[in-house]
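Engineer: To start, I am sharing the structure in question, which I have written as structure tokens.
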């Protein structure tokens, strides 16, 4: 459950951002999860829900987008999105590749509510996978 | 109000790992991060290297486990400096734990630091410990499908050890399937066939560890 360590880190960043902005309540955090990261978004969300209790970010909702994998062929340099576990260059059939993207786990933005205002229900979107 | 951040979630760990790397580099110590499932024989592989020695190489060991100091006791019995890190249920080691463990070593007197991660084929891959190289260990009873099922570890490994090869006659382990999967995931990673029980491959294992010592490697 490495998601617990990640959720903890996300919460602490969100609270730091809030502290930098007059300690406004955190209403949301949006993260970008690379599809090679081996992070289960629902597990991350569960860990986030558990971790936020008593943290000062009790109203915060976690939302995410998925970053697709992109690799560069070690032989011909062709950049492609691998679809299978074994990466085979569609141009030259070489295997393996350098990861260009899809290995990231990034906090993209933190949503802060106005003081006293409840978080906007409409912002509570779920997954918005890129390219789908 | 939306505040754009764009910050790596593992930033704190990565920064600490960079400090560990710097500290080890200053002391000319190479660190090897051992990642595998529980029971693959990581500790025994380390014991094998320690028992036979690696040409005068001074070795320290960090043992990572959720609980007990059983592994550290095995290493200490071989007169080797060792620190047991208990993660209290945690499924992987993180750079802050390594940073703390480093304080217990006389780093200047070491050449190699062997870090045995918590047994787990998924979580440890995400956490940089400041290591120089990563070793993936698979034992034959685990099955030939492990690289295909847990690809990320094998993509980032500098060496793949196939352990317990003495058991192959008793198992339905398809070694060709295993080797092909590793080759496709990581064409550059050598595969070492080892048995700590029969001694097969132990020479190559010690040789590989020796090649990691900084004085003999091209500094990256």
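Read the figures in this text as sums done on the coordinates, not as results from a lab. What you see is a predicted model; the values in this text were computed from it and never measured. Reconstructed Cβ throughout: ideal geometry from the backbone, glycine too, with neighbour counts over all protein chains shown.
Engineer: Please give the contour-minus-distance gain from residue B:211 to residue B:175: 0.36 nm per residue of separation, less the Cα-Cα distance, rounded to one decimal in nm.
Structural biologist: Once the chain is fully extended between residue B:211 and residue B:175, it gains 10.4 nm.
Engineer: Another one. On alpha carbon coordinates alone, what is the Rg over Rh value for the stretch B:113-220, Rh being the Kirkwood radius?
Structural biologist: Computed over Cα atoms, the ratio is 0.95.
Engineer: Give the average, rounded to an integer, of partner chain Cβ atoms located within 10 angstrom of each Cβ in A:50-63.
Structural biologist: So the per-residue partner count for this stretch is 0.
Engineer: I would also like to ask the following. Give me Rg over Rh for the protein assembly as shown, both radii from the alpha carbons and Rh done the Kirkwood way, two decimal places.
Structural biologist: Rg/Rh for the protein assembly as shown comes to 1.01.
Engineer: Separate question: Evaluate the Kirkwood expression for the hydrodynamic radius of the stretch B:11-216, namely the inverse of the mean inverse distance over all pairs of different C-alpha atoms, and round to one decimal in Å.
Structural biologist: Hydrodynamic radius (Kirkwood, Cα only) of the stretch B:11-216 equals 17.0 Å.
Engineer: With N denoting the number of residues in the stretch B:16-96, provide Rg(C-alpha) divided by 2.2 N^0.38 Å, to two decimal places.
Structural biologist: The value comes to 1.13.
Engineer: Still on this structure: Could you rank the peptides A:40-48, A:74-82, A:94-102 by their average count of other C-beta atoms within 10 Å per residue, with the highest value first?
Structural biologist: The most tightly packed comes first, giving A:40-48, A:94-102, A:74-82.
Engineer: Let me have the 222 nm mean residue ellipticity of chain B computed from DSSP H runs of 4+ only, each contributing -39500 (n - 2.57), with the sum over all residues rounded to the nearest 500.
Structural biologist: -9500 deg cm²/dmol
Engineer: Averaged over its residues, how many other protein chain Cβ atoms are within 10 Å of peptide A:97-108's Cβ atoms?
Structural biologist: 3
Engineer: Next question, about the same structure. For chain A, what is the mean residue ellipticity at 222 nm derived from helices alone (per DSSP H run of n ≥ 4: -39500 (n - 2.57); sum divided by total residues; nearest 500 deg cm²/dmol)?
Structural biologist: Here the helix-only value at 222 nm equals -7500 deg cm²/dmol.
Engineer: Next question, about the same structure. How high is the relative contact order of chain B, given as a whole-number percent (alpha carbon pairs under 8 Å, six or more residues apart)?
Structural biologist: Here the relative contact order equals 25 percent.
Engineer: Also, I was wondering about something else. For chain A, state what percent of all Cα-Cα pairs lands in each successive 5 Å bin, counting from 0 Å until the bin that includes the largest distance.
Structural biologist: Percent of pairs per bin, in order: 2, 10, 19, 18, 15, 11, 8, 7, 5, 3, 1, 0.
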